[in-house]
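The values are calculated or read from the model by the stated rules, or taken from the named source; none is laboratory data. These numbers come from a predicted model, not from an experiment. Note that each Cβ is placed from the backbone with ideal geometry, even for glycine, and that neighbours are counted across all protein chains shown.
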Amino acid sequence: ALVTTTEMFEKAYTGGYAIGAFNVNNMEIVQGITEAAGELRSPLILQVSAGARKYANHTYLTKLVEAALIENDIPIALHLDHGDDFEICKACIDGGFTSVMIDGSNHSFKENIEITRRVVDYAHERGVVVEGELGKLAGVEDDVNVSAEDASYTHPDEVEEFVSRTNVDSLAIAIGTSHGAYKFKPGHNPVLRFDILDEITKRIPEFPIVLHGASSVSQEYVKIIQENGGNLSDAIGIPEEMLRRAAKSAVCKINIDTDLRLAMTAGIRQVLFKNPAIFDPREYLKVGRSNIKDVVAHKIVNVLGSDGKA
Ligand code: G3H
Ligand code: 13P
Ligand code: NA
Ligand code: ZN
């Protein structure tokens, strides 16, 4: 059934696991993710970015998710990823989403509270939940490019006021993750600031925390891409061990997009590079889809711990 994240997060918080939030852009991605979650009886968040709505169109994406709900008997929340203004949040709330993110993290603290509060008021009246963000992740997303110098960890001192003044339902924080395939410089040890997460949890106990930029950038898929005509040198992600630790904590939602992109691209490249005569799109898309299913199943069982929780 199509649900909000409220009950998912309550159960994840007390159960010491996290829900995977996977970005969707086309039918094969929706199918790969939902088949894995359906077979493993895992609750799921499917998230749509502004870029996804531009690429595939709002109606197609919501109808694909409706189809997935008919085919798979699990709770699924349909979420707007990184809404950057009131209008896109409103369009998704009016257009059947059960959850939206208003990302005011590039505004001042005061403006972030104002814009988030406005979205929350509109959403809650309509039974939709809202994710806010404090702190800036490095990396590229849609039109926003945050350099490593401009990135900043969430200030634990701000979270209590932000949550109480906005009435948001969950909070995305910055503790060292970043968007995309190049999260750490080669030769540098990946660091996540679990001390900041602990401090935040002390200020807002029981409150669901969201981790963006949480792909692990499987070196297996990077290698396949490299060996089949691609170029992804120095792609590095978040070690799975750190994500397992996060999933057991107050973190209730873990966002994954890059790992799906790598899985799909590795599959498609492998087929096309090895079989130059293939031109039936089904021949390569089905391998991309199958890789997405594999990667999501792996996350659910080995990283998130959400299997059997549907
Ligand atoms: O956080 C960004 C997500 O990976 C979505 O990326 O804006 O290119 O669709 P996108
Ligand atoms: P990755 O780029 O690490 O997959 O992060 C995705 C994300 O945070 C979507 O909001
Ligand atoms: Na958790
Ligand atoms: Zn994100």
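So here's what we get for this one:
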| read-out | value |
| --- | --- |
| Subset of the range 253-267 (residues that are in contact with a strand residue (DSSP E or B) (Cβ under 8 Å, 6 or more places away or on another chain) and crowded, with 24+ Cβ neighbours inside 10 Å) | Lys253, Ile254, Asn255, Ile256, Asp257 |
| Selection within the range 27-62 - free of Cβ contacts under 8 Å to residues at least 60 places away in the same chain, surrounded by fewer than 24 Cβ atoms within 10 Å (Cβ to Cβ), among the polar types (S, T, N, Q) and in contact with a strand residue (DSSP E or B) (Cβ under 8 Å, 6 or more places away or on another chain) | Thr62 |
| Complete set of residues in the range 217-227 that are in contact (Cβ under 8 Å) with a residue 60 or more places away in the chain and either acidic (Asp, Glu) or part of a loop (DSSP other than H, G, I, E, B) (or both) | Ser218 |
| Only listed residue being under 21 Å from Ile76 (Cβ atoms) and touching a helix residue (DSSP H, G or I) at 6+ places or on another chain (Cβ under 6 Å), chosen from Lys309, Lys253, Lys293, Lys299 | Lys293 |
| Residue list for the range 245-285, restricted to those being of a type outside the set (A, V, I, L, M) and more than 28 Å from Lys183 (Cα to Cα) | Lys274, Asn275, Pro276, Phe279, Asp280, Pro281, Arg282, Glu283, Tyr284 |
| Check on Ile224, buried (at least 17 other Cβ atoms within 10 Å of the Cβ), within 25 Å of Val129 (Cβ to Cβ) and out of contact with any Lys or Arg (no Cβ under 6 Å at 6 or more places or on another chain) | no |
| Those strands (runs of 3 or more DSSP E) lying entirely in the range 119-211 with at least 3 residues modelled with pLDDT of 95 or more, crowded, with 19+ Cβ neighbours inside 10 Å and among the hydrophobic types (A, V, I, L, M, F, W, C) | 129-134, 170-173, 209-211 |
| Residue match in the range 245-252 (condition: surrounded by 15 or more Cβ atoms within 10 Å (Cβ to Cβ) and within 14 Å of ligand 2 (Cβ to nearest atom)) | yes |
| Sole residue being surrounded by 17 or more Cβ atoms within 10 Å (Cβ to Cβ), within 14 Å of ligand 1 (Cβ to nearest atom) and within 17 Å of Ser99 (Cβ to Cβ), chosen from Val24, Val65 | Val24 |
| Hits in the range 68-88 (condition: away from ligand 1 (no atom under 16 Å from the Cβ), β-branched (Val, Ile, Thr) and over 17 Å from Ile29 (Cβ atoms)) | Ile70 |
| Only listed residue being within 19 Å of Gly308 (Cβ to Cβ), exposed (fewer than 15 other Cβ atoms within 10 Å of the Cβ) and either out of contact with any Leu (no Cβ under 8 Å at 6 or more places or on another chain) or polar (S, T, N, Q) (or both), chosen from Asp73, Asp85 | Asp73 |
| Qualifying positions in the range 103-112 - touching a residue at least 40 places away in the same chain (Cβ under 8 Å) and crowded, with 21+ Cβ neighbours inside 10 Å | Asp103, Ser105, Asn112 |
